[in-house]
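Let me begin by presenting the structure, written as structure tokens, before commenting on it.
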Amino acid sequence: MHISDGILPPIWAAAWYLVAAFFLAACVRRVRNRTEDDPGYTATLGLMGAAVFVISVWHIPVAVTGSSSHPIGTPMSAVVVGPFATTLLSSIALFLHMFLAHGGVTTLGANTVSMGVAGGFVGYGAYRSAGLMGASPFASGAAAGLAGSLATYMTTALILAAALHPGELLRFWAIFSMGFVPTQLPLSVAEAVSTGAVVRYVAHHRPELLGRFFPGGEPVDA
Amino acid sequence: MMPDPFERRALAVMAGMVLLMLASSYVGTVVLGQDLGGTDAKVEGLAADSAGRSGGVVLDLEAEFGEYGEPAAFTLAGVVSGFLTGLLWPRAFHGGGNVA
């Protein structure tokens, strides 16, 4: 989901910046409130920030498809620190990724929307839905990882199709999505397993972080 | 000093992941002769070509620092982030709330 500079026409780059700015404004307010309420939240934010940064540039070779790709880490972060904080963390990670030849200045908004907003919120939604249906922490976390990872790449494909071929949006969305699927699907499954394992670990050690959806948890403002 | 159970599990997970990646890289490059390039770049290139556009990066690590510039930068970033994650993980999940 690291779209480079020059790919998106300026009007689309600006539009995605606006969408990202809307979410980031809400994110900053929520993170400030939670940090004031719980000083320990800062350490968890730092942990998730470092984890999202490294996971989302961690290229894993998929031999059978002949290419490599990376997980995103934002579904895991969304479960632990909330989707709003995750959007903020992903924007910081994406800014730093620019210096690793990933992403760009003009596409920072679009990349934040795909990785932070889509990955975080869809992942968190899947986690909450699974939890409400009685799934275990592992299964709920796995649902978050799978849904968030796939949502990120589908959103990237949508961003590319909308900006480059608005007249044939659905056709090119499908084409670009199919470009991602062969390599990304196995990685999404791996991200589901790893996210499920982390959520199970957190449920055991800090159940209050997981909110009211599991025994021992307390309501947490996402 | 012997690692505690958490450290042993973390080291085992790390070793497992490294072995898996090495095995996949070996099969992909040596056995199957593939380049294992990034999917992001491939799809983005396809998209850009289809619309007559071209992309660029803020810092071209290969052009600036040579063949090993990008792997070196990724290694450095991974080491720093990994140490930060390792430092903060026990504080976040084992040390309670007063650790900021």
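Please treat every number below as a calculation from the coordinates, not as lab data. Quantities reported herein were computed from a predicted structural model and do not represent experimental measurements. In this analysis, Cβ positions are derived from the backbone assuming ideal geometry, glycine residues included, and neighbour counts consider all displayed protein chains.
At a glance:
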| quantity | calculated |
| --- | --- |
| Kirkwood-Stokes translational diffusion coefficient of chain A, alpha-carbon pairs, 10 °C, 1.306 mPa s, µm²/s | 91 µm²/s |
| Tilt relative to chain A, helix A:10-37 - C-alpha long axis, 0 to 90 degrees, to 10 | 10 degrees |
| Amide H contacts of A:HIS70 (H built 1.01 Å from N, under 5 Å, at least 5 apart or other chain) | A:ILE60 |
| Sorted by Cβ neighbour density within 10 Å, fewest at the top, the residues A:VAL52, B:VAL13 | B:VAL13, A:VAL52 |
| About the Cα centre, charge dipole magnitude for region B:12-100 (Lys/Arg +1, Asp/Glu -1 at Cβ), debye | 500 debye |
| Charged-residue dipole, Cβ positions (Lys, Arg, Asp, Glu), chain A about Cα centre, Debye nearest 20 | 140 debye |
| Relative contact order of region A:1-117, defined on C-alpha pairs under 8 angstrom at six or more residues apart (%) | 42 percent |
| Mean projection area, nm², convex hull over Cα of region B:1-91 | 9.4 nm² |
| Selection from A:SER4, A:ALA142, A:HIS70, by position along the positive dipole direction of chain A (Cβ) | A:ALA142 |
| Between 0 and 90°, nearest 10: helix B:5-26 axis offset from chain B longest Cα axis | 20 degrees |
| Table column - 3J(HN,Hα) (Hz), region A:119-129, Karplus curve with 6.51, -1.76, 1.60, x for Gly and Pro | x, x, 6, 5, x, 5, x, 5, 4, 5, 4 |
| Extreme residue, positive dipole direction of chain B, given options B:ALA48, B:TYR68, B:PHE6 (C-beta unit charges) | B:PHE6 |
| Sequence-separation-based contact order of region A:10-213, relative, with Cα cut under 8 Å and 6+ spacing, percent | 22 percent |
| Percent of alpha-carbon pairs separated by more than 16 Å within region A:1-110 | 62 percent |
| Helical contribution to [θ] at 222 nm, DSSP H n ≥ 4, -39,500 (n - 2.57), averaged over chain B, rounded to 500 | -21000 deg cm²/dmol |
| Charge dipole of region A:10-213 about the Cα centre (unit charges at C-beta), most positive-ward option of A:GLN184, A:LEU170, A:HIS205 | A:HIS205 |
